[in-house]
Amino acid sequence: MTALDETYTLSNGVEIPKLGLGTWFIDDDKAAEAVRAAVGIGYRNIDTAQAYGNEHGVGDGVRSCGEPRDELFVSTKLAAEIKDYDQAIAAIDGSLTTLGLDHVDLVLIHSPQPWDDFRGGDYAQGNREAWRALEDAHRAGKIRSIGVSNFQRHDLENILQGASVVPHVNQLLVHAGNTPSDLLAYCQSKQILVEAYSPIAHGAILTNAEVQAMAQKYGVSVPQLCIRYTLQLGTVSLPKTANPEHMRSNAEVDFEISGADMDVLRDLRGVDYGEHSAFPVYGGK
Ligand SMILES: NC(=O)c1ccc[n+]([C@@H]2O[C@H](COP(=O)([O-])OP(=O)(O)OC[C@H]3O[C@@H](n4cnc5c(N)ncnc54)[C@H](OP(=O)(O)O)[C@@H]3O)[C@@H](O)[C@H]2O)c1
C-alpha cells in the first residue's frame, strides 16, 4: 500500500485519494498526457479549475487513460468571479461539457472573492448564491461532493447559514512554513476535509536550506518531505508536476516525520515566493 492507494472519507461517505495531481500551469495541450502519465503511475485524484484553462485536456486524459471513470476522483473549481446563482449553474454545466464528463467528483468555489479583490469587499450574498448552485448541481447528480477553497472561518460561517450541505472540502494554501492551524482545527470540527494546495510552496521551498537539511536527514527529497508533511497533517496533498519522474518520486512518501520535526516544519518562517508573490494567494493576505 502506498500513499496513492490511501483515501480519506468525506462527510458524505465519498472516498477521496489522499494524494492527488495538481494541474495549475499545465497547458491544455499537455494536460491529457500528464493525466495519462499520472494515472499510469497510480494517481487517482486529479485537480483542475475553470481558471486553469486546461479542463479540456484534463477531461481528455481522464477519458483516454484506460482506468474506469469510477476509479478516478476528478475535481474542478467554479471561477472566483462568479457570485451569482444562474451564472454558477451555467459554469458548472460548462465545466462538464469542457471536461467531456457526465459528472465530476468535487466542485469547489475557487475563492470567496474575485481574484482582483482577494480578501477585499463583501461577497457574502454572492457566495451563498454560488453555494446554492453547487448544492443544486450536487442534488441533480452532476457533482458527487461540493466544497470551497481559500475560505477563512468567517467565509465558511457565511455559507453555513442556511446551507443544506456543509462543505465537504476546503482547499487551502498549506505547506511547511504556512500552516493555518486554527483554520485546520475549525474545518476538522465541522468535518470539512482540508486539501493542501501548493504543498511545495509553488516551488519556493525547494532551495530552503533548513528544509534541505531535514530532507537529507530522512534520506528523502525536499518535495517528498513537504508532501509527507501535509499528509501527516491529515490533509489531501496536491503537488503539481507534468514530469513523470517527479510524479513517481512525489508518491514515494512512506516514511514518518517525527513530532519534533513536524513542529519545526510548522513553525518554519521565511519561505519567499519571489516573483510569484504577485499571485493573490501568495500575497500574504
Ligand atoms: N485553490 C487554489 O486557489 C489553488 C492555488 C494554487 C494551487 N492550487 C492547486 O494546487 C496544485 C499544486 O500547487 P502549485 O502548482 O502551486 O505548486 P506545488 O505543487 O507546491 O509546486 C509545484 C512546483 O514544484 C515542482 N516540483 C514538483 N515535484 C517536484 C519534484 N519531485 N522535484 C522537483 N521539483 C518538483 C514543480 O516543477 P515541475 O513541474 O518541473 O515538476 C513546480 O515548479 C496546483 O497545481 C493546483 O491544482 C490551488
Exercise for the section: Look at LEU172 and say whether it is assigned to a helix (DSSP H, G or I), of a type in the set (A, V, I, L, M, F, W, C) and either surrounded by 15 or more Cβ atoms within 10 Å (Cβ to Cβ) or touching a helix residue (DSSP H, G or I) at 6+ places or on another chain (Cβ under 6 Å) (or both). Expected result: no
Problem - Residue selected from segment 136-158 under the condition of a type in the set (Gly, Ala, Ser) and either within 16 Å of the ligand (Cβ to nearest atom) or over 21 Å from ALA80 (Cα atoms) (or both), by the criterion surrounded by the fewest Cβ atoms within 10 Å (Cβ to Cβ) - result: GLY141
Exercise for the section: All but one of (1) closer than 20 Å to HIS110 by Cβ; (2) of a type outside the set (S, T, N, Q); (3) outside any loop (DSSP other than H, G, I, E, B); (4) within 14 Å of the ligand (Cβ to nearest atom) hold for ALA88, so report the exception by its number. Expected result: (4)
Problem - Residue list for segment 114-130, filter: in a helix (DSSP H, G or I) and not hydrophobic (A, V, I, L, M, F, W, C) - result: ASP116, ASP117, GLN125, GLY126, ASN127, ARG128, GLU129
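Go through segment 3-53 and give me each residue that's of a type in the set (Val, Ile, Thr) and touching a Gly at 6+ places or on another chain (Cβ under 7 Å).
Result: VAL35, ILE46.
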Practice task
Could you please find all residues in segment 65-97 being within 20 Å of the chain's Cα centre (by Cα), buried (at least 18 other Cβ atoms within 10 Å of the Cβ) and over 24 Å from PHE118 (Cβ atoms)?
Solution key: LEU72, PHE73, VAL74, LEU96
Practice task
Could you grab me the full set of residues in segment 15-45 that are of a type in the set (Val, Ile, Thr) and under 19 Å from GLY203 (Cα atoms)?
Solution key: THR23, ILE26
Completion exercise
Those residues of segment 159-170 which are touching a residue at least 40 places away in the same chain (Cβ under 8 Å), of a type outside the set (A, V, I, L, M, F, W, C) and more than 16 Å from the ligand (Cβ to nearest atom) amount to none
Practice task
Sort out which residues of segment 212-229 are farther than 13 Å from ASP261 by Cα and near the ligand (Cβ under 10 Å from one of its atoms), and write them in order of number.
Solution key: SER221, VAL222, PRO223, GLN224, ILE227
Problem - Scan of segment 13-57 for residues that are more than 10 Å from the ligand (Cβ to nearest atom), among the β-branched types (Val, Ile, Thr) and touching a residue at least 40 places away in the same chain (Cβ under 8 Å), ordered by number - result: VAL14, ILE16, ILE41
Fill in the blank from the handout: Per the list (1) surrounded by fewer than 20 Cβ atoms within 10 Å (Cβ to Cβ); (2) within 18 Å of GLY141 (Cα to Cα), residue check on ARG128 breaks on (2)
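Yes/no per residue for (1) more than 15 Å from the chain's Cα centre (by Cα); (2) surrounded by 21 or more Cβ atoms within 10 Å (Cβ to Cβ); (3) of a type outside the set (A, V, I, L, M, F, W, C):
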residue	(1), (2), (3)
TYR8	no, no, yes
VAL14	yes, no, no
LEU21	no, yes, no
PHE25	no, no, no
ASP28	yes, no, yes
ALA31	yes, yes, no
ASN45	no, yes, yes
VAL62	yes, yes, no
Fill in the blank from the handout: ILE26 vs (1) closer than 17 Å to THR76 by Cα; (2) assigned to a helix (DSSP H, G or I): all pass except (2)
Exercise for the section: Go through segment 98-110 and give me each residue that's surrounded by 19 or more Cβ atoms within 10 Å (Cβ to Cβ) and free of Cβ contacts under 8 Å to residues at least 60 places away in the same chain. Expected result: THR98, LEU99, LEU101, VAL104, VAL107, ILE109
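FYI, it's all coordinate maths here, none of it is from the lab. Since the model is a prediction, treat every value here as computed from it, not as a measurement. As a convention, Cβ positions derive from the backbone with ideal geometry for all residues, glycine included, and neighbour counts pool all protein chains shown.
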